[in-house]
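Take a look at the structure below.
The values are calculated or read from the model by the stated rules, or taken from the named source; none is laboratory data. As the structure is a prediction and not an experimental result, all values here were calculated from the model. When we count neighbours, we look across all protein chains shown, and the Cβ atoms used for this are built from the backbone with ideal geometry, even at glycine. The accessibility values were calculated without ligands, DNA or RNA, using every heavy atom of the protein model including side chains. Shrake-Rupley method; radii C 1.70, N 1.55, O 1.52, S 1.80 Å.
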Amino acid sequence: MSALSTPRLATLRERLGHLDVLALTAGLWFLAKFLRYVLPPLFPTFRDVYAVSNTQLGLVFTGLLVGYAAMQFPSGALADRVGTVTVITGGAVVAAAGAGLLFLAPEFGVLVGAVVLIGVGTGAHKTVAITLLSMVYTDRTGGALGVMDTVGESAGVIGPALVAVVLAAAVDWRLLFLIGAVGALALGAAFRRRVPGRAPGTTDGRADGADDTGAADYLVAFRAPRFAAFSVLAVLTAFTINGLVSFLPLYLSDGAGLPTETASLLFSLFFAVSAVQPFTGGVADRVGPLRIIAALLTLALAGLVALLLTTGTLALGVAVLGLGVGLHGFRPVRDSYFMSVIPDDVAGGTLGIVRTVMLAAAAAAPATVGYLSDVATFQVAFGALGVAVAVAAAVAVVLGVTG
């Protein structure tokens, strides 16, 4: 009995040993999202403490997003040369420095610099984390990415709730960033200790020739029509998600006529169903990503159409549910597909280019939706998002059929 159980025990230990890579990577992603999501609820406090305008507060968050977006390609390309562990650990240290500086923040200029530093530090994580998890969990990439994304999205619930508790208890808000700094250093140290050597490329470059990689080499993948088409699909979906998230509560209240409280609850529902991501990622690992992507984007399109054409809390809630499942569930499958088609030796840099364009499109979406809602109506603005997701769904269907 003992002899029979030994191989099973060894297999179990091996599986559990790999789980710490996922746990630490997801933990760092949660911390990155936490440091982002606690900022907006603190804007009223910042306005009072530093005597600044709403425009200045908006520029603070823009600075974080610009710092984050600017790191996508450099972090991916650097990971191709020196390994994923070095880049992710370095990003954690930079983010900790930003959070520590924000804990001090004697004046508004320091706060702005600290927030940009947080953006740069956390920006070094996602692209490189995708390549890392694809190397460690080769047969379960979609499921692993789904877990990481779900853990990260939970910060959108926990962060603002913790801010509310801190402010209600009259505790100094700066302690949140001290906790963030200590957490980033602790997780970064644990990551550096546990992850190296778990897969090729975690500590060194992914290929022998990686050090000779030039900028043009990261663009080679885009010459393939299928890869270029899927990149367009990803950019259109990123535009749709950000445009929808930015104005969904306002659309539900002003455009659909729901009470503000009900609109907020439905908005929370949109994020709550992000828990579907490990499931959609796992299914994609078994049946193939393109089929799942086509199904998810079709579901999102149906949800958006229903959002525009229906009235009443129940019908709108079902529409938001479909949108949440489709758009959240799409993310890990998208990243898993990218990692299956990008050559290993340029994976980080190429994915970094794609994510930079995606983030640029995502940043333009709120302004576009806002402008269309001003010059026309919310129905027209959300209709434009429907066109974007319809094109993305059509591309996914074509790729799936011709694949």
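Scanning region 68-118 for residues that are part of a helix (DSSP H, G or I), open to solvent by 20 Å² or more (accessible area, probe 1.4 Å) and more than 24 Å from residue 175 (Cα to Cα) gives 69, 70, 73, 74, 78, 81, 82, 86.
Filtered by the rule that a residue be modelled with pLDDT under 85 and either of a type in the set (D, E, K, R) or not in a helix (DSSP H, G or I) (or both), region 1-32 gives 1, 8, 13, 14, 15. What about residue 236, is it within 19 Å of residue 324 (Cβ to Cβ), open to solvent by less than 20 Å² (accessible area, probe 1.4 Å) and either aromatic (Phe, Trp, Tyr) or at pLDDT 85 or above (or both)? No: the conditions fail for residue 236.
On the basis of being buried (at least 24 other Cβ atoms within 10 Å of the Cβ), in contact with a helix residue (DSSP H, G or I) (Cβ under 7 Å, 6 or more places away or on another chain), assigned to a helix (DSSP H, G or I) and modelled with pLDDT of 90 or more, does residue 396 make the cut?
Details: buried (at least 24 other Cβ atoms within 10 Å of the Cβ): yes; in contact with a helix residue (DSSP H, G or I) (Cβ under 7 Å, 6 or more places away or on another chain): yes; assigned to a helix (DSSP H, G or I): yes; modelled with pLDDT of 90 or more: yes.
Here the answer is yes, as residue 396 does meet what is asked.
If the requirement is being hydrophobic (A, V, I, L, M, F, W, C), touching a Pro at 6+ places or on another chain (Cβ under 7 Å) and part of a helix (DSSP H, G or I), which of these qualifies: 333, 389?
Just a single option satisfies the conditions, and that option is 333.
Taking (1) at pLDDT below 85; (2) touching a His at 6+ places or on another chain (Cβ under 9 Å) in turn, residue 75 satisfies each apart from (1). Number of residues in region 342-373 that are over 22 Å from residue 71 (Cα atoms) and not aromatic (Phe, Trp, Tyr): the value is 6. Residues of region 373-386 that are buried (at least 18 other Cβ atoms within 10 Å of the Cβ) and within 12 Å of residue 255 (Cβ to Cβ): 373, 378, 381, 382. Residue pairs whose Cβ atoms lie under 6 Å apart, sitting 6 or more positions apart in sequence or on different chains, and linking a residue in region 171-196 that is surrounded by fewer than 17 Cβ atoms within 10 Å (Cβ to Cβ) to a partner that is of a type in the set (Asp, Glu), are 194/20. Kindly establish whether residue 279 is modelled with pLDDT of 85 or more and surrounded by 19 or more Cβ atoms within 10 Å (Cβ to Cβ). Considered against the rule, which asks whether it is modelled with pLDDT of 85 or more and surrounded by 19 or more Cβ atoms within 10 Å (Cβ to Cβ), residue 279 comes out as no. Any idea how many residues of region 33-67 are part of a helix (DSSP H, G or I), open to solvent by 10 Å² or more (accessible area, probe 1.4 Å) and in contact with a Lys or Arg (Cβ under 8 Å, 6 or more places away or on another chain)? The total comes to 1. Restricting attention to region 128-146, which residues are surrounded by fewer than 24 Cβ atoms within 10 Å (Cβ to Cβ) and of a type in the set (A, V, I, L, M, F, W, C)? Once the filter is applied, which keeps residues that are surrounded by fewer than 24 Cβ atoms within 10 Å (Cβ to Cβ) and of a type in the set (A, V, I, L, M, F, W, C), region 128-146 yields 135, 136.
To keep it simple, each residue is scored yes or no on (1) β-branched (Val, Ile, Thr); (2) under 26 Å from residue 61 (Cα atoms); (3) at pLDDT below 90.
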{"residue": "116", "(1), (2), (3)": "yes, yes, no"}
{"residue": "119", "(1), (2), (3)": "no, yes, no"}
{"residue": "132", "(1), (2), (3)": "no, no, no"}
{"residue": "140", "(1), (2), (3)": "no, no, yes"}
{"residue": "148", "(1), (2), (3)": "no, yes, no"}
{"residue": "154", "(1), (2), (3)": "no, yes, yes"}
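Tell me the residue from 363, 295, 319, 302 that is open to solvent by less than 50 Å² (accessible area, probe 1.4 Å) and assigned to a helix (DSSP H, G or I), please. Even if it seems obvious, please write down each step before you answer.
Numbers: 363 fails: open to solvent by less than 50 Å² (accessible area, probe 1.4 Å); 295 fails: open to solvent by less than 50 Å² (accessible area, probe 1.4 Å); 302 fails: open to solvent by less than 50 Å² (accessible area, probe 1.4 Å).
Exactly one of 363, 295, 319, 302 is open to solvent by less than 50 Å² (accessible area, probe 1.4 Å) and assigned to a helix (DSSP H, G or I), namely 319.
Residue 391 - would you say it is in contact with a Phe, Trp or Tyr (Cβ under 8 Å, 6 or more places away or on another chain), among the β-branched types (Val, Ile, Thr), in contact (Cβ under 8 Å) with a residue 12 or more places away in the chain and under 28 Å from residue 255 (Cα atoms)?
Values: in contact with a Phe, Trp or Tyr (Cβ under 8 Å, 6 or more places away or on another chain): no; among the β-branched types (Val, Ile, Thr): yes; in contact (Cβ under 8 Å) with a residue 12 or more places away in the chain: yes; under 28 Å from residue 255 (Cα atoms): yes.
It is false that residue 391 is in contact with a Phe, Trp or Tyr (Cβ under 8 Å, 6 or more places away or on another chain), among the β-branched types (Val, Ile, Thr), in contact (Cβ under 8 Å) with a residue 12 or more places away in the chain and under 28 Å from residue 255 (Cα atoms).
When residue 258 is tested against (1) part of a helix (DSSP H, G or I); (2) open to solvent by less than 60 Å² (accessible area, probe 1.4 Å); (3) over 25 Å from residue 339 (Cβ atoms), only condition (1) is not met.
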